[in-house]
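Undergrad: Take a look at this one; I'll ask things after.
What follows draws every value from the coordinates through simple rules; no lab data is involved. Quick caveat, the model's predicted, so the values are computed rather than measured. As a convention, Cβ positions derive from the backbone with ideal geometry for all residues, glycine included, and neighbour counts pool all protein chains shown.
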C-alpha cells in the first residue's frame with residue numbers, strides 16, 4: 001500500500017504525490033480515495049484506494065530500472081521501419097502505443113520514446129507522433145528526475161543525448177553511459 005506524501009506514478013500523466021486520503025459518501029457507501037497531486041501539472045486526481053492497482057498506480061522506479069532505461073536508450077532502435085509502412089500504420093501503432101502508455105511501465109514508455117526518436121530521423125513526425133514523443137519524453141524525464149533527485153531539465157538533456165548519440169554513430173559509446181552519474 002502507499003503512504004501519505006509518497007511519490008507515485010499515475011500512468012499517462014506522470015509523477016504525483018499522495019496529498020491526502022479523502023472519504024466520500026457515494027450511495028450508502030463510504031469510499032476512501034487517494035488524492036494525487038501531479039508534480040508538474042496543476043491537476044489533482046482522486047483514485048479509490050480499492051482501485052489503485054486497476055488504475056495502474058505504482059511506486060517510482062528503482063535506480064536500477066532508471067539505469068536500464070539509459071542502457072535501452074543507448075541501443076539503436078529497430079531499423080526495419082519503411083517510410084510507407086510508418087505512414088500507413090500510424091493508427092495501428094498509436095493504438096499499441098496508447099495501450100503500453102496506460103500500463104505505466106517505464107521500459108515500455110522508453111521503447112515508445114526510442115522508436116519515435118528513430119522514426120523522426122527518417123521522416124518528419126506527424127502531429128500525433130510529435131505529441132506522443134513529447135508526452136513520453138516528459139513522463140521519462142519526470143520519473144528519472146524524481147528517482148535520481150535532480151533537475152528535470154538535466155534528465156531531458158541526458159535522455160536526448162543518449163538517443164542523439166546512438167542515431168549519429170549507430171550506438172552510444174560505452175564510456176558515455178558509464179560516466180553518467182545521475
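Undergrad: What does the extension gain come out to for residue 131 and residue 63, with contour length at 0.36 nm per residue minus their alpha carbon separation?
TA: Value of the extension gain: 21.8 nm.
Undergrad: Based only on other Cβ atoms within 10 Å, what is the fewest-to-most ordering of 50, 42, 115?
TA: Least crowded to most crowded, the residues run 42, 50, 115.
Undergrad: Relative contact order of the range 1-143: what whole-number percent is it, with Cα pairs under 8 angstrom and at least 6 residues apart?
TA: Once normalised by length, the contact order is 23 percent.
Undergrad: How big is the Rg/Rh ratio for the range 7-59, C-alpha atoms only, Rh by Kirkwood, two decimals?
TA: Checking Rg against Rh, the ratio lands at 0.99.
Undergrad: While we're looking at this one, here's another question. With just the Cα atoms of the range 1-153, tell me how far they stretch along each of the three principal axes, in Å, largest first.
TA: For the range 1-153, the Cα spread along each principal axis is 56, 35, 23 Å.
Undergrad: Alpha carbon centre of the range 99-126 versus the range 1-67: separation in Å?
TA: 25
Undergrad: R0 = 25 Å: FRET efficiency of residue 72 with residue 121, Cβ-based, nearest 0.05?
TA: About 0.90, to the nearest 0.05.
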